[in-house]
Every structure is written in structure tokens, then in C-alpha cells.
């Protein structure tokens with residue numbers, strides 16, 4: 001029987017463990033980046049809700065404003081609509097740019113029911129419904145969606161885009177309230 005000192009046996013055991021650990025690590029290392037990439041592709045529920053609700057609100061406002069520029073006879077309503085259309089086109093572009101790679105952001109997904117409610121109206125009837133349903137109620141929905149993302153979102157780029165767009169949406173809402181007051185319509189929505 002061969003007798004080896006205890007230090008030699010301990011060193012041999014440690015070397016064996018290092019070899020086994022290295023081999024195990026080599027097998028799991030390629031899977032780690034794949035798992036990280038899969039996690040990066042998933043969005044938190046608040047971010048997913050924001051992409052859906054925020055883009056829908058912005059697209060609805062933008063498309064309804066385009067309708068307003070041709071159907072309204074009121075210069076104040078037309079001026080409001082032109083401003084909203086231009087601003088919301090920029091907001092929509094910034095949301096697409098801020099969304100994580102691989103996440104589909106709808107380019108044009110307006111609320112069809114809102115657009116249908118104003119599509120066949122003209123003149124004063126159009127102006128009243130547009131101010132109440134689109135300018136006031138629609139801007140309130142947009143405000144809620146953007147504020148919720150700022151409060152609960154986890155994707156920093158989306159939160160930053162929401163923070164940058166919020167002052168514009170707040171300004172649109174204030175303009176809508178002022179427009180409603182000037183046209184003697186209720187401003188509380």
C-alpha cells in the first residue's frame with residue numbers, strides 16, 4: 001500500500017473539484033446569455049399596458065384631429081386639432097423609438113368606436129362631440145396611461161418617453177378644457 005501525505009491527497013481532491021466545476025461552468029455558460037436575452041424580451045405588465053393604451057390613446061387623438069381639420073367649421077377647434085395631430089405624431093414616433101427591441105408597437109391602432117362617433121358629423125354637432133369625447137375624454141385617457149407608466153413602468157426608456165411626452169399631453173388637456181369653456185360645454189370628464 002502506498003502512503004501519501006495528507007496535503008497531497010487534499011491537493012489532488014481540490015484539483016479534481018476545480019476540473020469538475022470548470023466543466024460544469026463551461027456547459028452552463030452558453031445558456032446564460034440565451035436566458036438573459038429571453039428575459040430582456042419580456043416586458044413588465046405595466047409596460048405592456050402602457051404600450052397598448054398609450055399608443056391607442058395617441059393614435060386616436062391624432063386620427064380624430066385629422067378628421068376635425070376637415071369636418072369642423074370652428075377655427076378654434078381646427079387650431080386645436082392641428083396642434084394635437086402634429087404633437088401626437090411626434091409622441092407616437094418617440095414611443096416606437098423607446099420601446100425595447102423586439103417589442104411590437106402598433107403604428108396606427110386608434111379606438112374605432114371613438115372615430116366612428118365623430119366620422120359622420122359636421123359643423124356644430126361635430127365640434128360638440130369632438131370636444132367632449134375626443135378632446136376632453138380622450139386626452140384624459142392619454143394622461144392616465146402616461147402617468148401610470150411613469151408611476152409603475154419598469155422599462156427605463158419607456159418611462160423616459162412617457163416623462164418627456166407628459167407635459168405636451170397635459171398642455172393638450174388644458175387646451176381642451178379651455179376650448180370647452182369657450183364653447184360653453186362642461187369641462188369635467
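Taken together, the values in this text are just the output of simple stated rules run on the coordinates, not laboratory data. Bear in mind that the values here come from a model prediction, so they are computed numbers and not experimental data. With ideal geometry, Cβ positions are generated from the backbone for all residues, glycine too; neighbour counts draw on all protein chains shown.
Details
- Note on residue 184 and residue 79: their simple-model spin labels are 2.1 nm apart, each label 7 Å out from Cα toward Cβ.
- When 184, 172 are arranged by Cβ crowding within 10 Å, least crowded first, meaning fewest neighbours, the order is 184, 172.
- Binned Cα-Cα distances of the stretch 97-189, short to long, each 5 Å bin given as a whole percent: 2, 13, 19, 19, 18, 12, 9, 5, 2, 0
- Here's the picture: a label point sits 7 Å out from the Cα of residue 69 along the beta-carbon direction, and within the stretch 92-117 the residues with their amide nitrogen under 17 Å of it are 92-93.
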